Every structure is written in C-alpha cells, then in structure tokens.
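Structure, as structure tokens:
The values are calculated or read from the model by the stated rules, or taken from the named source; none is laboratory data. Note that the structure is a prediction, hence the values are computed from the model and not measured. FYI the Cβ positions are ideal-geometry reconstructions off the backbone, even for glycines, and counts take in every protein chain you see.
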C-alpha cells in the first residue's frame, strides 16, 4: 500500500471514529437522563455506563489514530516549524532525523506528563458527597 493510500485510509478511519464519538456523546448528553438518574435506563440493551465505556473506547481509538497521523506527518511538522523559526532569525534552521526524533519524543513526554499531572491532581482533589 502506498503512503498516500495509507494516509487516506487513516484519515477515513479518523473521520469514522470522530463521527462515532460524536454520536455516542450525543446519546449520553441528549437521550439519557443525567448520570445520577440513569440507573436502569437502557438504549439498544446498553446502560448509561456501557455507553460511557463505548464512548471512551472511541476516544482511545481516535487518540491512537491521531498519534499515528502525527507520526506519519512528523517531517512536515518539523519542516513547517523550522521554516517559521528561520524567518525570524538570520540563520537557516536545518534539522536532521535525530533532532526531529528528539523533538518528537520530548513533545510526547511533555504531553503525557501534563496529562498525568492533571489526572493526578483530579484524583487528589475529588470530593465525595457528604454522608
């Protein structure tokens, strides 16, 4: 399969995943009552919690697809950023593959660390209802 065909297939899958995520989120938001009142409600034999699990599955699959898309376009991203930076400075910025990889891994570490910090902060700050 050519690179262009693979990119087209990936973009098509991402569109389908986005549509499924939008649809499942809409079902939870507009069809079911609020989560606290949804006990016992079902749609197509799935409960509120099961619909929420389906939505999270679509979100996880879409996140993986977006990361794959970003990896496939990483040379373009680095070239675009380098071109923009070189317009500001007198020197022309040239990035080798090792530098591009280092920037990519560094960016991934920063994003994962920020996400983990946010989730950790939420776990620490969550409040249970009064007994």
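Quick notes
- Scanning segment 85-131 for residues that are more than 29 Å from residue 75 (Cα to Cα) and modelled with pLDDT under 80 yields a single hit, 131.
- The lone exception for residue 29 - which of (1) without any contact (Cβ under 8 Å) to a residue 24 or more places away in the chain; (2) surrounded by 11 or more Cβ atoms within 10 Å (Cβ to Cβ); (3) under 23 Å from the mean Cα position of the chain (by Cα) it fails: (2)
- Residue check, residue 4 exposed (fewer than 13 other Cβ atoms within 10 Å of the Cβ), farther than 21 Å from residue 76 by Cα and out of contact with any helix residue (DSSP H, G or I) (no Cβ under 7 Å at 6 or more places or on another chain): no
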